[in-house]
Structures are given as C-alpha cells and as structure tokens.
Amino acid sequence: MSISEIDRTDTAAEGAATAGLHVVKRDGRTLRFDDRRIGTALAKAFAAVHGGLTSAHEQTVDALVRRVDAELAARHDGTVKIYEIQSVVEHELLEAGEYDVARAYIDYRVDRDFSRSKAMDLNHSISRLMSKDSSVVHENANKDAEVYNTQRDLTAGMVGKAIGLRMLPAHVANAHQKGDLHYHDLDYHPYAPMTNCCLIDFKTMLSAGFRIGNAQVEPPRSIQTATAQISQIIANVSSSQYGGCTVNRIDELLAPYAALNRAKHQAEAAEWIDEGPRREAYVQERTRKDIYDAMQSLEYEINTLFTSNGQTPFTSIGFGLGTGWYEREIQKAILQIRIRGLGREGRTAIFPKLLFTVKRGLNLAEDDANYDIKQLAVECATKRMYPDVLSYDKIVEITGSFKAPMGCRSFLQGWTDADGEDVVEGRMNLGVVTLNLPRIALESEGDQATFWRLLDERLETMHDALAYRIERCKEAVPGNAPILYIHGAFGRRLAPAEDVDTLFRDGRATVSLGYIGLYEVATAFYGGAWESNPEAKEMTLRVLRTLRDHAAAWKAASGYHFSVYSTPSESLTDRFCRLDKERFGAVADITDKDYYTNSFHYDVRKHPTPFEKLDFEAEYAPLTSGGFIHYCEYPVLQQNPKALEAVWDYAYDRVGYLGTNTPIDRCFECGFAGDFTPTARGFACPACGNEDPRSCDVVKRTCGYLGNPQQRPMVHGRHQEIAARVKHMSADVRVPLSALDPEG
C-alpha cells in the first residue's frame, strides 16, 4: 500500500464512526474531520525515524488511523479540538510501542507551533534581517538591500510583518504561514492601513493645482513643468502606498501643456520672424524640441527617484490613443527616448513601464493615421522589450471600459459616477491575497469532488482575508496620506475629517482575489501534458469561473468590488512550491520543478508558437478581469520587427494585454547584443566573457517589470537560479523566427 493509498483509506469513506465529526482548529475555525491528515502526519513520523516507509510501516499507519478514528468516535460527538486529536494520536502510538515515532510526531508538532510563534516574534524577525537571510533581503527584486534607506525600510518591514500577523484574523494568519494563501505586502499592511496600486488623477491635479509638503503647487504653464510635477506626484504617491502607479493616456494628458509652449513660441516668432512658412516651421520645431526634452526629463527623473521605502517607484505610462499633432509628437518622443537609452552608453531604462495602445482604425493597419507610430513602437520593443501593448477593443470587452493597468497588471473595472460618467483616474486597489491552487489539488489526491470541496473551504478563508484588507484600509484618515486623500491623487479631495471609505465603496476601488498554479492543478488530475485535453482545459476554466462567481457574490453582499487577479507571483512561485515540496515530496511536473507556474500561463517548458500560446490563453483573461497579462518570448528580433508585429496583430482580437520578451543584453566592450550567459556571480558576455556591470547592460523581465540583475547583485543574489527561471516567472515561450508566420 502506498502513502497516498494510506491517506485515502479513510476507514470506509473517511470512517463511518467519525462521520459528522468536526474539528475546532487553533485559529477558531470549525472544519469537517478528515483522517487523511492524521495518516499523512504519521507516515512522515515513521519515515523520519526509519529513513523511509516499508509496507509493514504503511500497514501500521493504516491500523493506527483506524484506532484513532474509533477512539475519537467513542469520546466525541459533534466537535473535537485539534489538541484532543493530537493527544489521541500520541496515546495510540505509545500503546503500540512506537516510542521513537511518538517522539518524532510530538517534535514535529512542537516545531510547527514554534515556527508559528517565531513568525510573530520581533526579535526573531530582526535577527533574520541582521543575518541577511536571503528570503528577507532578496524578496523584492527592485530593492537594493545594501543602501541605507532600503535597510531601514527592511527593518521596519520585518517589524510590520510580525505585528501584522498578530493583527490578522487568527485563521488568516495561520493560512498565510502554512502556505494555503499569501497575504501580500505584510511589511506594510495591515500594520498601516495603506492601499496598494492606483491610477493617479493627474488631469485634475495638474489643472487645479495641488500641495506637497509645505508647497502649494500651481497649474503648470509648459509641458516641461507638467512632467516635472508628474514626477514629484509619483514620488509622493509611491511613498504613501505600496503598489505601482500609472500615468493613464499621458499623450492626451500633456497635449494642452504642449499647446502652451507652442503659444509662447508663436508670440516670440511674431516679434522676430515675418509671417509665413519660416515662422511656422520655427514654432513647430521649438515646440517639438520642448516635447522631446520634457519627456526625456520625465524618463530620467523617474529612473533617479527613490521613494521612502528605498526603491524606484513602480511606474507605468499609457499612451497611443491621441490623434492630434501634440499627442503624436509626445508618443514619438516617448518611444524615441526609450530606443536611445539612458546615458552615453544608451542603457535600457527599467522604469517607467511603457504601455502602447493599439486600436483598430487608429494605428493597427497600414492605412491607419497613426500606423507610423505603431511601427516605432514595434522597433522599440525589439530593442528595449517595452512597450507592452494594450488591445483597445479587448480591454473594453474584458474590463468594461478602456484604461491602462495600475502599475504592472491590476485592472480596474468599468465604473460610473452619480452623473453616469465613466471614471478611471483617481481609483485604486486595496490589496491582494493569493490562493495556493496546487496545494488544493495535491491534497485532493486525484479526487475531484474533494478538490471542489476544499476549494470552497479555502475561498471562505480568502474572503475573510480580503474583507479584512478592506476594513483595515477604511480605518485610514485623510491625514495619513494627504497626497492621496486631500490633494487629489485619488480624485475627490476629502476634508480632514471625511471618511476615506467614500472612495472605496460601491465598486469604486477593487480588492484582488489572486491565484497561482492553474497549470499544476490540471497536471494533478490529467498529467503534465494536458494542454490539448479538452476535459483538462475545462477544469481549469471551471476553477476560474468558481473564483469569479465567489468574487461576484462577495461584491453583491458587501458593495466592494472583489476582482479575480492573475498574480505576478515573483518569489511566491518559490515559496508555495517549497512549502508543498516539504509536505508532499517531489511530485512529477508539480513540485519537482521547484517553482509553480504564474497565472494561467502555458507550461513554460513546452514550445508552442506564439499563436498557439495566445489561442490557448485567450479564454482565461475574461475570467480574471482584475489583473492579467500574456507573454511570448522570441529570439533577437531587431533585424525582423515584422515578426513581432505579426504577433501583435494576431493578438488584437484575442487578448487584451501582451508583453514581449526578447534578448536585449549588450556588451559595451565588444559590441555583442543578445542573451548573456548566467554565471555563478552574475552574467557574462558570450562573445568576450565580460562580466563587469560597468561595461555591460543585462536586462531581464520578471513577472511584469524589467530588472537589471547585473547592476544590483545584492538584490538578485542567486544569479544562476534567476537566469534559469526568468522564463518560468514570466511564463514565456521561446520560438524560432520561422514559427512567427500566422499563415503557417
């Protein structure tokens, strides 16, 4: 009998004797008794003592489970507390003469209790930081743990996590520590009632003025001043929340300020240049240069900003829908500046993330008015990976109205105010909790009925975790974050005594039900090559429909918008898998990979064409409208931009948000451009062996944003692991150029 068969024994379908028995957990929850957990724990104890399990040990475990069931049924009717179950298990082990196994079982339980306590102990948390525990100092790929302000933020974060775990509902804290779910950004929330990401209301802030610190800032009178104010707003907003922020439709936002520049140049030219073509050419060229200089300054300012938490603000810029001369010039400047790069060497800018919108009738086809700008965007993506592309019609279809994502991939849903106007800017997300889907599949041991039951149980805990995020955010007062609540970043400007909940309720804000590992769920039931199996595909769609339906029910009951979110999992791909590997062992195509697959993505170890990948993933995003992105990975594309454009065009009617991964590493010693080779210390030029970050530019994408591991060795630390797993975290596919023809 195998261990899984032992776990399934259940004494005739979970034991007739214990039918109806419920367990009162340490955190206060009451769940149905399931003796498979006892079998699993006993099997681990026997394996720990004997170095493995023989068939005799498995039979002993089976017999012990039956005896525990019988004893519990005799002693308890209705409910039993968890420590009472443990006492019975220990008693039966001693009665059976399994003294060493009893000690191993008891030690395991004590270690679990000790681990839970340590997570909430401030001294232990600080000691982990002082010893430079890699899981602490390398948790965020955009924080350099060597600099003072980051060290200070990490220290505060460890304290915040310890206090936050104490603040959470007990069953939510327990589920987070066990790895059933992940309560994101514990270093900030719930210790402080901070919000996550947002679309800043730049239009109102620039037009009406705003206040930062002691300065009342007046509306800008030029595009240069407008971009300078935008960078200051971004820095202050990013220091008052913990997520990303987006400048939505920046070309249309800044066009009126570029017009002010033009008016100034017209007045100057009228004084010095006779009326005619020469005067108009002068005015146009001066205005074009102002636009370029302003957008270049914004690029540099964002990349040189440091927020109070020790990192460059996670910033995205959406553009592409403007049709006027100013809007077109702003779009071209953004792309030309990114292509040119930073500094004399032309390094790739990490921020802001560029989001170019493609729209049928505007820039999609060759005869569209702005097609030339789309061509420039394609060129830029082949050289700098950005921009990612938003398909206008698909975004409207999936989310209810058009808008760029907040930061990386979190999308607001369509929402109208009391006047019936669609509102995008000034809205926000209240936080994310991510569900460990592969664990539920592994616990189900091939039984889909058990899977759906466990999923419903976990979703109850997810609801409580998300509801707590909302309640904690509501405890903020406007004075906690004046830039957000009083000075306009969140749209409506509140008085100091007003209730911040007016900006959250009735669906104005979102709170995100995240998930990870849809691929592994299907693998647990249908094997690792399930993508062409319609039954397996339907199961994965049913999982997301279940999440969506629960989120909709929670919204209907509360008035707050719970959205389903395809989490950019970063280190969570490791954490969940590591915890589950400790519990279930190396399970083929699930835990043996040492990572879980992000989002709804195609298994990264397989090699579909981009068109096959997009077709496969297209059905998922509408079910996860609160956050999604698709990726394809390519070889070097700089000599073949038409290949990338073919994928963009194919994606337009299929997916709403598409990212490009292509090798753009550069060596300034020998001129090599392509994919650097990972080494024990970092990355090396495959042509000349150069590893010096001062003379090379290594850029990788991890879960949405770009990163520069060569420039920040302490941040990325485990170079070989990261290099090997960049594709896993982004869920990419490498394809030959010959596969990029959609006609075959």
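The values are calculated or read from the model by the stated rules, or taken from the named source; none is laboratory data. If you're wondering where the values come from, they're calculated on a predicted model, not measured in any experiment. Using ideal geometry, Cβ is built from the backbone for each residue, glycine included, and neighbour counts are taken over all protein chains shown.
For the range 248-362, the helices (runs of 4 or more DSSP H) that sit wholly inside it and include 2 or more residues that are over 21 Å from GLY659 (Cα atoms), out of contact with any Asp or Glu (no Cβ under 6 Å at 6 or more places or on another chain) and without any contact (Cβ under 8 Å) to a residue 12 or more places away in the chain are 250-272, 277-304. Condition check for LEU544 on (1) surrounded by fewer than 24 Cβ atoms within 10 Å (Cβ to Cβ); (2) on the phi > 0 side of the Ramachandran plot: one failure, at (2).
From the list PHE672, PHE668, PHE683, the one residue that fits, being free of Cβ contacts under 8 Å to residues at least 24 places away in the same chain and more than 30 Å from ARG542 (Cβ to Cβ), is PHE672. Looking only at the range 220-227, decide whether some residue is more than 18 Å from ALA263 (Cβ to Cβ), at pLDDT 95 or above and of a type in the set (A, V, I, L, M). Looking through the range 220-227, none of the residues is more than 18 Å from ALA263 (Cβ to Cβ), at pLDDT 95 or above and of a type in the set (A, V, I, L, M).
Selection within the range 282-335: residues that are modelled with pLDDT under 95 and of a type in the set (A, V, I, L, M). The member of this set that is farthest from PHE202 (Cα to Cα) is LEU305.
When ALA96 is tested against (1) over 17 Å from VAL24 (Cα atoms); (2) buried (at least 16 other Cβ atoms within 10 Å of the Cβ); (3) in contact (Cβ under 8 Å) with a residue 24 or more places away in the chain, just one condition goes unmet, and that condition is (2).
Residues in the range 425-456 that are in contact with a Phe, Trp or Tyr (Cβ under 8 Å, 6 or more places away or on another chain) and part of a strand (DSSP E or B): ARG427, MET428, LEU430, VAL432, VAL433, THR434, LEU435, ASN436. Anything in the range 480-501 that is surrounded by fewer than 24 Cβ atoms within 10 Å (Cβ to Cβ) and part of a helix (DSSP H, G or I)? List them, or say none. Correct list: ASN480, PRO482, VAL500, ASP501. Just one of the listed residues (TYR371, TYR386, TYR392) is farther than 27 Å from TYR515 by Cα, modelled with pLDDT of 95 or more and among the aromatic types (Phe, Trp, Tyr), namely TYR371.
Of all residues in the range 363-382, exactly one satisfies the criterion of being free of Cβ contacts under 8 Å to residues at least 24 places away in the same chain and among the hydroxyl-bearing types (Ser, Thr, Tyr), namely TYR371. For the range 569-594, taking the residues that are among the hydroxyl-bearing types (Ser, Thr, Tyr) and assigned to a loop (DSSP other than H, G, I, E, B), the one that is nearest to LEU181 (Cα to Cα) is identified as SER569. Checking every residue in the range 548-562 against the condition of being buried (at least 18 other Cβ atoms within 10 Å of the Cβ) and in a strand (DSSP E or B) gives at least one match. ALA529 falls short on exactly one of the conditions (1) closer than 16 Å to PHE616 by Cα; (2) surrounded by 18 or more Cβ atoms within 10 Å (Cβ to Cβ); (3) among the hydrophobic types (A, V, I, L, M, F, W, C), and that condition is (2).
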